[in-house]
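Encoded as structure tokens, the structure appears first; notes follow it.
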Amino acid sequence: MKIRTKPYGEIEVDEKQRVHFPEGIIGFEGIRDYYMIDSKEGPFYWLQSAEYPELAFLLVNPRVFMEEYRLAVRNADIQSLAPEIDTDLLDFAIVTVPEDPDKISANLMGPILINRKTKTAVQAISENDEYGVKHYILEEMKKRKSQLVETG
Amino acid sequence: MLVLTRKLNESIMIGDAVEVTVVEVKGEQVKLGIRAPKDVKVHRKEIYITIQRENIDASKLAPESVDRIEGLFKKKILP
């Protein structure tokens, strides 16, 4: 079927790409259905609202820029998906892109979890206090690069 | 809003499954213990508000900036 999307205009999507958030995303509680769409380049995915073409979130796997990233959420947060974290759950961070694209950041405080089998999803809250809402992706990557240089 | 006065180690029940106990009072800080079923989410309110603000910012992303960020990654991430 064809849907209107924020990043790419009208495109063809498959029902398999549909993801349901029983409780919505924090601040967008009433909007429950989205499609996961690969970005054209780079390590991103779009979470496109099925209902509102102008609403889409950009997602990234945090391990792309932070190798040591560890998902830490309470089981209560993910009860609608699975009893506990397991391999059926995919996790992502929502990306914020400001005017200056060098300041692109990822929100590790409110990870998005998707059960790839049931296609249900939630926004959980990180149990790790070191994970905030703004991790500057390019800065994190530079850190990683310099660590690599130092160690070898 | 319902306002109740509690002393140290006293509790309130919310429904029959959620119990909130005053565990410690130290100056301006009150430590609460919360007993709740495992499907009840318990978080500090300011964390919700912080995430909500960030989500709203993230949703304002302009479609034109997509090409720019993808280009950025092409240059900086892929060799």
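By the rule of a C-alpha distance below 28 Å, with chain neighbours fewer than 8 residues away ignored, the lysines paired with A:Lys145 are A:Lys40, A:Lys103, A:Lys134, B:Lys74, B:Lys75, B:Lys76.
For A:His135, the accessible area of its heavy atoms, probed at 1.4 Å with every protein chain present, is near 20 square angstrom. Given the options A:Pro111, A:Pro101, A:Pro22, state which has the largest fluctuation in a GNM of chain A using a 10 Å cut-off (strictly under) for Cα springs. Top of the fluctuation ranking is A:Pro101.
Carbon-plus-sulfur accessible fraction, the stretch A:45-104 (probe radius 1.4 Å, protein heavy atoms only): 47%. The apolar share of the surface of chain B, taken as the fraction of accessible area on carbon and sulfur atoms (1.4 Å probe, ligands and nucleic acids excluded), comes to 55 percent. What chain B shows is 78 Å² of accessible area per residue, with the surface traced by a 1.4 Å probe over protein heavy atoms.
Compared with the dominant principal axis of the Cα atoms in chain A, helix A:137-151 is inclined by about 40°. Only Cα sites of chain B enter the Debye sum here, all with the same form factor; the resulting log10 I(q)/I(0) across q = 0.20 1/Å is -1.04, listed in q order. How big is the dipole moment of chain B about its Cα centre under a simple scheme where the beta carbon of each Lys and Arg is +1, that of each Asp and Glu is -1, and everything else is neutral? Debye, nearest 20, please. Around 240 debye, computed over chain B.
Average accessible surface for the stretch A:46-99: 43 Å² per residue, computed with a 1.4 Å probe over protein heavy atoms with every protein chain in place. Largest to smallest in accessible area, the residues A:Arg70, B:Arg68 fall in the order A:Arg70, B:Arg68 (1.4 Å probe, all protein chains included).
What quantity of accessible surface, computed with a 1.4 Å probe and excluding non-protein components, is buried in total between chains B and A, in Å² to the nearest 100?
3200
Only helices enter the 222 nm calculation for chain B: every DSSP H run of n ≥ 4 contributes -39,500 (n - 2.57), and dividing by all residues gives -12000 deg cm²/dmol, rounded to 500. Taking +1 at the Cβ of each Lys and Arg and -1 at the Cβ of each Asp and Glu, which of A:Val64, B:Gln29, A:Val133 sits farthest along the dipole of the protein assembly as shown towards its positive end, judged by Cα position relative to the Cα centre? Farthest towards the positive end: B:Gln29. On the principal axes of its alpha-carbon atoms, the stretch A:11-87 has extents of 34, 29, 24 Å, going from largest to smallest.
Among the trypsin sites (Lys or Arg not before Pro) in the stretch B:1-60, those located in a DSSP loop and surrounded by at most 12 other Cβ atoms within 10 Å of their own Cβ are B:Lys7, B:Lys38, B:Arg44, B:Lys60. Taking 0.692 mPa s as the viscosity and 37 °C as the temperature, the Stokes-Einstein diffusion coefficient of chain A based on its alpha-carbon Kirkwood radius rounds to 202 µm²/s. Rounded to the nearest 500, the helix-only mean residue ellipticity at 222 nm of chain A stands at -3000 deg cm²/dmol, with each DSSP H run of n ≥ 4 adding -39,500 (n - 2.57).
What does DSSP give for the stretch A:10-147 in terms of the percent of beta bridges that are antiparallel, rounded to the nearest 5? Rounded to the nearest five, the antiparallel share is 95 percent.
The values are calculated or read from the model by the stated rules, or taken from the named source; none is laboratory data. Everything quoted here is computed from the prediction, not taken from an experiment. Backbone-built Cβ (ideal geometry, glycine too); neighbour counts: all protein chains shown. The area values use the complete protein model at the heavy-atom level, side chains included, leaving out ligands, DNA and RNA. Shrake-Rupley method; radii C 1.70, N 1.55, O 1.52, S 1.80 Å.
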